[in-house]
Structure formats: C-alpha cells, structure tokens
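One structure below.
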Amino acid sequence: MVEMEKVRPQWGNSLQFMFACISYAVGLGNVWRFPYLCQMYGGGGFLVPYLIMLVVEGMPLLYLELAVGQRMRQGSIGAWRMISPYLQGVGISSVVVSFFLSMYYNVINAWAFWYLFNSFQDPLPWSSCPLNSNLTGYDEECEQASPTQYFWYRTTLNISPSIQENGSIQWEQALCLILAWLVVYLCILKGTESTGKVVYVTASLPYFVLIIYLIRGLTLHGAINGLVYMFTPKIEQLANPKAWINAATQIFFSLGLGFGSLIAYASYNDPSSNCQKHAILVSLINSSTSIFASIVTFSIYGFKATFNYENCINKMILLLTNTFDLEDGFLTSGNLEEMKAHLASSYPKEYSEVFPQIKNCSLESELDTAVQGTGLSFIVYTEAIKNMEVSQMWSVLYFIMLLMLGIGSMLGNSAAILTPLTDSKFISSHLPKEVISGLICFINCTVGLVFTLQSGNYWFDIFNDYAATLSLLLIVLVEIIAVCYIYGLTRFENDLQVMTGHKLSWYWKILWALVSPVLIISLFIFYLTDYILTGTLKYQAWDANQGQLITQDYPSYALAVIGLLVASSTMCIPLVALGTFIKNRWKRGNTSAMV
C-alpha cells in the first residue's frame, strides 16, 4: 500500500480534483433533462423533492464513492477487490457500463461539432426550408415539420423510417465522431497530468456561456412568460410519487454515481484530503447548475413560445383579413377569437372553405410542449437561436458550451475505464498508458460508427435508455452493502478518521446504513415494475411523409440487444462472485489433497 502511494500519480492540487469532479458531474443532463422535469412535475414545486433527495441520497452516495477511491487508492475493480475478492465484479460492472456509455455518449459531441461547424453560415442552415428537387417550392418533408426538425432528422441524421432499415454510414457524422474521439484522446493522453489542465476549461467555460446566455435570455421578448411558467409551483404534484422518483433518479444519474469515474478520480487524490467537503461542494454546485441552467433554458423557451404564438396570431389575422376583405387593423390579437366566431356565423360558406387553414393559437399550448434530450438541444434551442439577432454568434457559443459539457463527462467516463486497466500490473507491464488510452478510444470510435448509420439514432436511444439504468442502481446498492456490512461501517469510519482527521458524523452513518439502500431498492422496484407494466417496448420513429415522430414496437432483435445490455453488466456481479468462490474452493481442495 505504501509503495503504491509513492508511485501513484496525483492531482496537482485539491482545486484540480474539484474541477475534475465538477466537469464530470455537471453535464448535458443538467441542461437538457432537469428543466424538462421541472416543467413536468410542478415547476418550482419540483425543487422540494429534488433538494430533499439531494440531501438524503446524492450527497451521501457521492461521499461514499469519493471516500472509497481515496482510501483504496485504486480504480473501481481494484478498490472493490481490496474490500473483498468476491466484490471485484462490482468494479467490472462499472467498467462495462462506462464502456457502453462511452460508445454512444461521444456521438453527442460529434453532433455538437457538426452544428458548431454549420453555425458559421449566414443564414444558419436550419433557419429555412430548402427548395424541392424541381425548384418550384420548399421541400415537402420540411414544410410538414419545421426547418429545425428537418435539419436535425434529415440533414444531420438522414434518419431511416425505422430501426429495421439500417441504411448507410453518414460520413459527415462519422468524421465528426472521429474528431470527437481524437479530442478525448489528446485530453487523456498523459493521465492526470493532461486531464488536470483540461478540466479547468471544461468545468469553467460552460458557466461563462450560461451567464452570457442568461443576460441575453432575460432581455428577449417573451422571456418572462417562460420563467413564470417554469417557476409557478403546482403544489398538487408533491403528492405524485413519480415526481419524487424522478427527483431521486435525476440526482442519482446527474452526479454520475456507479460508473466508477468518481472512484477513479478520488484514487489520485491526496490521501489526507477532506472528501466529505468535496462531496458536499460538488453536490451543491451540480444542483445549483441545474437550477441556473433551467432559468436560462426557460427564458429562451419563453422567447421561442412567444415568437411562435405571435407568429401564429399574425398569420391568422392576415388569412382572415384577406379572405373576408377586412380593413387593415380591424382584427387584433385581442378580438381574434371573438371575430372568428362572428365570421363563422355570418359567412358560413366562406369560413368553411378557409377553416382547414385556421389554427387555434395558444401561448399556453406552446409552453406546454415538454421536450428533453436531443430534442431540446438540437431542435428547440436552435429554433430559438435562429430568431435572435446575430444568430451565428449565439449558435457558436451554445454549441461550444455543449462540447465542453460533453467532453468533461467523457473525461470521467474514460477515467472509469482506463484507471482499472492501468492499475493492472499485467496490462501496464506490456503496454504504456498512451497505447492503452489509444486502444480504448479506437475501439469505442469504431463501435460508435454504428450510431452514424441512418438508423443510428434509434440505437442511440436504446443505449441511452437501457445501458445504464438498472445496472447502476444495482451497482450502487451493492457498493453501500459492501462498505457498511461486508467491509464494516465501524472499520470504514476508522479509515476515514485516519485519512482526514475527522470523526464520521452519525448523519452519514444512518444514511449509508439505512436510508440510501431503502431509496435505491425503491427505485429498483419502480423501474422493474414500470418495465413489466409497459409491456412491449416502443420507440419513436421519424415519418418523413407526416413530418413527425410516430410510435413503433421494437423488433425482436432490438429487444434482445436491450436484454443483453442490461444482463452483460448486472450479471458480472454474481458471476464473478461465483467464480471467485469456485476458485477458492478448488484451491482449498488442492491444498488438502497435497497435505
């Protein structure tokens, strides 16, 4: 142990470690999922279950992983093997899940690079529909959808009608993916020496962009509509169990628990560092960023909704004014609904002819549209950006921010894979760290080309939805049980006191030993029940004729892949434990025979 600490690299200082953890934890989920959950479950009222779950779940679990990494001075596999040889399957599960995540997560960075490169065009390529092949009008698919949806689904993804039609590799996206992996490789090339410098940028730059966007967002017309809608509390949602479950899930996944990244980062920390303080600070900064990003998002969202609403009103006024030969200025937004009823009763024949073109414009319905994930980042945001003055500048800033968030998370994911490999004496004695890093990046990049197929977005959704959900819950549950009941809470408490010089509070002991396990088991049961009640799993496929998403059933081979994703990581824990048991029995049997 002493020998390992002498040769093991460390972060340059505690600030570098903090920046690394923040860069990893603060990711795309803070920007594209938390605002959606606030919108769905009570606006400002959602903050009540969210903050409660932060205190009783997020902080203690983050503290536990940082403490394990700092105490054991190993990556996830070595750390859990030191606690018990039967538990090294927990570390292997973490590596498998992180490997799955790395396969698809860097595709988001590839998309961000693609949009960033296109942001330098004037006008922005998603600002209007392209002409059709006859040059007689606009492309029909684009007119059915919208310019931003068309650019995403057709120009960027060139998406196939279903997951069963793979199509060809989109080489623009493939090149962007290779670029994204090259950037990650350069960042992890020298281990903590290079990563420690990069995280200063990946952790801080998103905040500068968010501040700039906040100033701009609050000055946009209609921004206040979004903020009022966002933070108007719906108290009745506090009685909705799904609000509490989603609050716990958001805390759990936004902190990146169970992947092994936090254990890997903490293993390079100074053994005497105050990991309790680090856990509290990282948790608070992560959650504050989610709330801050929501204010920015909904100011922009309010602008987009107001713009669309007023545009709809103006189109209806122009349509009715021209159809019924009304005087300019006679119809206004204030009397439009009243005059529609009057015209329908006074001129039924003429009104029936124009009725298919009439829309019911509603600001509330515009704000009610709940969007998360890629839909928020690459459709809703781009639609708002195209209507801003100097839209190219705002687009460049936005996609640089997405890249920094994505790359920061990728550095943590890569560390979760590389640290256990470089800790292995067998592997590190045959291959230098640079070669190991290069091989991991090359393998991930090669497999990731699947997501650049025309059906790639459907496979992306499968990995995003199923590769790390149940697996992480099981991993963290076993981690808590291992520390509290196998290694021993009293023993671990003594280790922490030796490391930090502080005695462990009763608060953390109660949460680790009782509250957190109960919460995770509850989440686990909820997910299993939800999967069972859902029946046949479905996905959203793009219909080019309708210009919208339609729901389809997954084919049998896609369901098999989903099952394999879940089983390949979760089964590592019992199978490795069983293998270790058989190996030990066999050794004891041979020893007895020799005697």
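Taking every C-alpha pair closer than 8 Å and separated by at least 6 residues, the mean separation divided by the residue count of the chain gives a relative contact order of 33 percent. For the chain, the pair-distance distribution built from all alpha carbon pairs, in bins 10 Å wide starting at 0, is 3, 15, 25, 25, 16, 8, 4, 2, 1, 0, 0 percent. Taking every DSSP helix (H) stretch of at least 4 residues in the chain, weighting each as -39,500 (n - 2.57) and dividing the sum by the residue count yields a mean residue ellipticity at 222 nm of -22000 deg cm²/dmol. As a ratio to 2.2 N^0.38 Å, the alpha-carbon radius of gyration computed for segment 496-570 takes the value 1.90.
Straight-distance candidates among the lysines for linking to K315, with alpha-carbon spacing under 17 Å and chain neighbours fewer than 8 residues away dropped: K304, K340, K359.
One decimal place: the segment E338-S365 gains 7.8 nm when fully extended, by the rule 0.36 nm per residue minus the C-alpha distance. The lysines within cross-link reach of K242, meaning a Cα-to-Cα straight distance under 20 Å and a gap of 8 or more places when in the same chain, are K234.
Overall size of segment 13-69 from C-alpha positions, given as principal axis extents largest first: 40, 23, 14 Å.
Note on segment 186-240 and segment 73-105: Cα centroid distance 30 Å, given to the nearest whole angstrom. Sorted on the mean count of surrounding Cβ atoms within 10 Å across their residues, most packed first, peptides 289-298, 176-185 read 289-298, 176-185. With no solvent and one point per C-alpha, what does the Debye sum give as log10 I(q)/I(0) for segment 359-502 at q = 0.17 Å⁻¹? Each listed q corresponds, in turn, to -1.23. Rolled with a 1.4 Å probe across the full set of protein chains, the surface gives D328 an accessible area near 130 Å². Think of a 1.4 Å ball rolled over the protein heavy atoms: segment 78-215 then has 42 Å² of accessible area per residue. The order of the peptides 248-259, 357-368, 516-527 by mean Cβ neighbours within 10 Å, most packed first, is 248-259, 516-527, 357-368. What separates the Cα centres of segment 524-548 and segment 433-472 is a distance of 21 Å. Counting only Cβ charges, +1 for Lys and Arg and -1 for Asp and Glu, the dipole size of segment 159-284 around its Cα centre is about 300 debye. Each listed q (0.10 Å⁻¹) maps to a log10 I(q)/I(0) for segment 418-569, found by the Debye formula over equal Cα scatterers with no solvent: -0.64. Just the protein heavy atoms count here, and of the accessible area of the chain at 1.4 Å, carbon and sulfur take up 63 percent.
Among the listed pairs K277/K509; K509/K583; K433/K503, give every one whose C-alpha distance is greater than 26 Å. Listed pairs above 26 Å: K509/K583; K433/K503. Would you be so kind as to identify which of S409, L367, S437 lies farthest towards the positive end of the dipole of segment 337-444, taking Lys and Arg as +1 and Asp and Glu as -1 on Cβ and the Cα centre as origin? Result: S437, furthest along the dipole toward the positive end. Here, segment 115-162 has an Rg and a Dmax of 11.2, 33 Å when only alpha carbons are counted. Sorted from greatest to least, the principal axis extents spanned by the alpha carbons of segment 391-432 come out as 53, 15, 6 Å. The charge dipole of segment 81-184, taken about its Cα centre with unit charges on the Cβ of Lys, Arg, Asp and Glu (plus for the first two, minus for the last two), comes to roughly 640 debye.
Between the listed residues L205, M339, C572, the Cα displaced farthest toward the positive end of the dipole of the chain, a dipole computed from Cβ unit charges relative to the Cα centre, is found at C572. Peptides 97-107, 312-322 ranked from most to least packed, by the mean per-residue count of other Cβ atoms within 10 Å: 97-107, 312-322.
Expressed per residue, the C-alpha convex hull volume of segment 31-184 stands at 210 Å³.
Positive end of the dipole of segment 1-128 (Cβ unit charges, origin at the Cα centre): among V55, I77, Y115, the Cα lying farthest that way belongs to I77. Computed about its Cα centre, the charge dipole of the chain is approximately 3020 debye, with only Lys, Arg, Asp and Glu carrying charge at their Cβ. A straight chain from F524 to H502 at 0.36 nm per residue would run longer than the Cα-Cα distance by 4.6 nm.
The values are calculated or read from the model by the stated rules, or taken from the named source; none is laboratory data. What you see is a predicted model, and the numbers here were worked out from it, not measured in a lab. We place every Cβ from the backbone using ideal geometry, glycine too, and count neighbours over all the protein chains shown. We work out accessible area using only protein heavy atoms, side chains counted, and drop any ligands, DNA or RNA first. Shrake-Rupley method; radii C 1.70, N 1.55, O 1.52, S 1.80 Å.
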